[in-house]
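Below: one structure, written as structure tokens.
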Amino acid sequence: MTQLDMDKVQANDTALTNKIDHFYDTMEKEMGAKEKVTTNLDTLAKFIAHARNQNTLLTRELDRLNLNYTLDHQEVETAREFKEQIRNLDSAYQADIEAIQSNQAVYTQVLARQTQAEHDLQQIEEQQQTINTAVSGLVKEEQQARDTLQQFELRQHGLRRQVENLNLPGVSKTYLDYYNVVRDEIAKLNDDINQVQINMEEITKQLIMIQSDLDILAEKTTDLVDSAELSEQLIQYANRYRLTHDEVAKASQEAQRLFDQEFDYAKSLETIATVLDQVEPGSYKRLEDNYYHQKGTTKKPEPEAKEEQ
């Protein structure tokens, strides 16, 4: 009679028990997963339908905007990629439905796919909303840009009139060159914003640059106007000393030359202001204060002659 191997029997029994426990554990997981899967089916179907509808609306809007604006952040391509992702998620969802209906579904695997699909759909929805928000303001941005362009043009013309109204013999090449730069920048912006397809990102960069350059031009214009008008006043005031003070006569002649021939009004002002303060201390400050008082501003240029004293 064969002797019973108790150790082997014990090992086999343990193995069988483990298999049975694993089977029941698997069955328990499957039953739990089945319940969750069943609950998720309707929600996931609506989520997919929502994402598809959102993508359709976004694509239509991008196609419409792409006719008038340059979409240079891959918005159209990204929307198409989302469309393909949604299609793949829907295909996987439909495959799981068929497997469930034919009793071939492994519910834990289906649940894992559902969880991942919900995560992917959430990401797609957020990114599609981000794109929609970014492009939805393009029309408003364009109108604001056009309004700003009009303000730039008016301001440029106003600065030009300030200088023209003085009937000066001319302006320096430095000032004229800067004025022409700003004028050309505004002209380019006007041309770019009237293209069939507008690049609003580039338009915005131009607006920022022109705003800064116009501010500098306005400062240059103010300095030019103030220097020219003060120089004229001081040259006229200096006439009272020309016959009695040779240095005033010489300075007046040089200041007038700088004014009429070189159009260097700041240098002209400095030249006559320096000599006037020598023969009549405080005269330049008094005339300067009176000029700005009549002008209605307290902003004043500080000639080098004042700094040297």
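Brief remarks on what is shown
- Test set (1) surrounded by 20 or more Cβ atoms within 10 Å (Cβ to Cβ); (2) closer than 23 Å to T221 by Cβ - V248 fails condition number: (2)
- Taken as a whole, the range 146-166 holds no residue that is modelled with pLDDT of 90 or more, hydroxyl-bearing (S, T, Y) and more than 33 Å from the chain's Cα centre (by Cα).
Rundown of residues vs (1) within 30 Å of T78 (Cα to Cα); (2) free of Cβ contacts under 8 Å to residues at least 24 places away in the same chain, yes/no style:
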{"residue": "H119", "(1), (2)": "yes, yes"}
{"residue": "E125", "(1), (2)": "yes, no"}
{"residue": "I131", "(1), (2)": "yes, no"}
{"residue": "D192", "(1), (2)": "yes, yes"}
{"residue": "L217", "(1), (2)": "no, no"}
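- Residues within the range 172-204 that are open to solvent by 40 Å² or more (accessible area, probe 1.4 Å), in contact with a helix residue (DSSP H, G or I) (Cβ under 7 Å, 6 or more places away or on another chain) and closer than 17 Å to Y265 by Cα, tallied: 1
- Members of the range 78-122 found to be assigned to a helix (DSSP H, G or I), of a type in the set (S, T, N, Q) and over 40 Å from the mean Cα position of the chain (by Cα), listed by number: S91, Q94, Q101, T108, Q109
- Flag if Q256 is touching a helix residue (DSSP H, G or I) at 6+ places or on another chain (Cβ under 9 Å), over 24 Å from Q162 (Cα atoms), open to solvent by 30 Å² or more (accessible area, probe 1.4 Å) and in a helix (DSSP H, G or I): no
- Pairs linking a residue in the range 259-270 that is free of Cβ contacts under 8 Å to residues at least 12 places away in the same chain to a residue that is crowded, with 19+ Cβ neighbours inside 10 Å and part of a helix (DSSP H, G or I), with Cβ atoms under 7 Å and 6 or more positions apart or on different chains, are K267/L258.
- The residues listed here are Y237, Y241, Y284; of these, the one that is in contact (Cβ under 8 Å) with a residue 40 or more places away in the chain, assigned to a helix (DSSP H, G or I) and open to solvent by 20 Å² or more (accessible area, probe 1.4 Å) is Y237.
- One residue from E232, E304, E219 being modelled with pLDDT of 95 or more, touching a helix residue (DSSP H, G or I) at 6+ places or on another chain (Cβ under 9 Å), open to solvent by 90 Å² or more (accessible area, probe 1.4 Å) and closer than 23 Å to Y175 by Cβ: E232
- Matching option when the condition is β-branched (V, I, T), closer than 20 Å to Q197 by Cβ and open to solvent by less than 80 Å² (accessible area, probe 1.4 Å), among T108, T59: T59
The values are calculated or read from the model by the stated rules, or taken from the named source; none is laboratory data. Remember, predicted model here, so these are calculated numbers, not experimental data. Backbone-built Cβ (ideal geometry, glycine too); neighbour counts: all protein chains shown. The area values use the complete protein model at the heavy-atom level, side chains included, leaving out ligands, DNA and RNA. Shrake-Rupley method; radii C 1.70, N 1.55, O 1.52, S 1.80 Å.
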